[in-house]
Amino acid sequence: MRTLPELEISLDALADNARRLKERCNAAGIEVVPVLKSLRSASEVVRACARGGLVHVADSRVENLVRLKADNPDASRCMLIRSPMIGQVEAAVEACDCILVSERHILVSLSDAARAAHRTINVVPMIDVGDRREGMSPDQLVAFARYAMMLSGLHVAGVATNLGCFARVQATPRNHQLLVRSAQTLRDQLGLACETVSTGGTLTLALVEHGAMPAGITQVRIGEALVLGTSTADGRFIPWLRQDTAILRAEIIELQDKQAEPEGLVRSDIAGPGPRLRVSSKGLRRRAVVALGKMDTDIDGLTPVMDGAVVLGGSSDHLIVDISDGESNVATGDVLEFRLSYAALARAAASPYVHCIYTGA
């Protein structure tokens, strides 16, 4: 029996995107680290990326990397791109080869766990170059790295930053020059090799594409471009990547003709978005109620594959789609398909109610 909702991932498309990213970035002397958190670093996805030549796995969730290592003891090198919580430190040390960090008390816990596990863990300090998410001020970097060097079990491998994921600060040569200068400061003042000078966020690809990435950047961490071929932070489809990597399917459980506008007292002062009513959508409209909701995905990130269909909104378990201008032969029990934003993909892949299937080699 078919299980719906269903998220289909094309492994061939992922492998193609991995190969294209590797070729484009390697030509600029930059290594690509695939960020696979949106697909929970599933073994199938990791293998597809490896087919495309990407040997790292980066994820923000310790649980995903622990599961990956348990399923594949010989899995490629794993990078944790969000600081572990204190209770996760031991698991992080067991599963990861490299961890991005920005707090001293995390360094101490990592050192204790690394010594207990008889391991040396690469740590990469995170600096904030403007997006105001995680990371210390660049002027705090030297003291932080010096402190890390005093702790056993840790190797300061370089410096990293992230852009575009919080305040949507765009990637520019200027903010990346700050990252490069920070790495050089560590070399000059502490004698570190700084083999890793890592930037993150799909929007950094624009610098690579235009030949504007400053010399000295050695690594880019890429997620959305790899898994969807898009870049939300700068609002584009990346023309040299594939966008046919993922599709979400769900079943119509009700099909009714209803007036477009609500009837009755509507509270407009209550927090939260209401239905997305179009000016042209007056009068009687054909509406499909789909067995999908906010517990399954980010419904604001769904685009129906059916021409003319529009997602109006939904609730925890119901998605309302206007199909008045779509196909005429739709019936209850039929399946609608949706393209996904990065947020919608990540939530769907993590939902216990969404069945993931993988196609391709």
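What the table shows:
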| item | result |
| --- | --- |
| Per-residue ³J(HN,Hα) for segment 314-328, Karplus 6.51 cos²θ - 1.76 cosθ + 1.60, θ = phi - 60°, Hz, x for Gly and Pro | x, 10, 4, 10, 10, 10, 9, 10, 7, 10, 4, 9, x, 5, 8 |
| Lys, Arg +1 and Asp, Glu -1 on Cβ, resulting dipole of the chain about Cα centre, debye, nearest 20 | 760 |
| Under Karplus coefficients 6.51, -1.76 and 1.60, residue-wise ³J(HN,Hα) of segment 239-248 in Hz, glycine/proline x | x, 9, 10, 8, 10, 9, 8, 9, 9, 10 |
| Ile253/Ala70 FRET efficiency (R0 51 Å; Cβ-Cβ; nearest 0.05) | 0.85 |
| Dipole-positive endmost among Val169, Thr120, Gly235 within the chain (Cβ charges, Cα centre) | Thr120 |
| Nearest-20 debye value, segment 144-299 charge dipole, Cβ charges on Lys, Arg, Asp, Glu | 260 |
| Solvent exposure ordering (accessible area, 1.4 Å, most first) of Phe237, Phe338 | Phe237, Phe338 |
| 5 angstrom amide H check on Ile238, placed H, neighbours 5+ away | Thr230, Ser231 |
| Counted charge near Val156, where neighbours are those whose Cβ lies closer than 15 Å (Asp, Glu -1; Lys, Arg +1) | -1 |
| Cβ charges +1 (Lys, Arg) and -1 (Asp, Glu), total dipole of segment 283-361, debye | 140 |
| Farthest toward positive dipole pole in the chain [+1 Lys/Arg, -1 Asp/Glu at C-beta], among Ile252, Ile81, Phe144 | Phe144 |
| Sites Met295 and Thr359, calculated FRET efficiency, Cβ-Cβ separation with R0 22 Å, nearest 0.05 | 0.30 |
| Shape category assigned to the chain from the gyration tensor of Cα positions, a/c cut at 1.5 | prolate |
| C-alpha long axis of helix 104-116 to longest principal axis of the chain, angle in ° | 70 |
| DSSP beta bridge pairing in the chain, given as percent antiparallel to the nearest 5 | 45 |
| Amide H within-cut-off set for Ile99, under 5 Å, with H built and near neighbours excluded | Leu80, Asn122, Val123, Val124 |
| Whether segment 1-67 is rounded, prolate or oblate, judged on the alpha carbon gyration tensor where a/c under 1.5 counts as rounded | oblate |
| Helical contribution to [θ] at 222 nm, DSSP H n ≥ 4, -39,500 (n - 2.57), averaged over the chain, rounded to 500 | -8000 deg cm²/dmol |
| Amide proton proximity set for Ile247, modelled H, under 5 Å, gap of 5+ | Glu8 |
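The values are calculated or read from the model by the stated rules, or taken from the named source; none is laboratory data. Just so it is clear, the structure is predicted and the values come from calculations on it, not from any experiment. For neighbour counting, all protein chains shown are included, and Cβ atoms are generated from backbone atoms with ideal geometry for every residue, glycine included. SASA here: full protein model, heavy atoms, side chains in, ligands and nucleic acids out. Shrake-Rupley method; radii C 1.70, N 1.55, O 1.52, S 1.80 Å.
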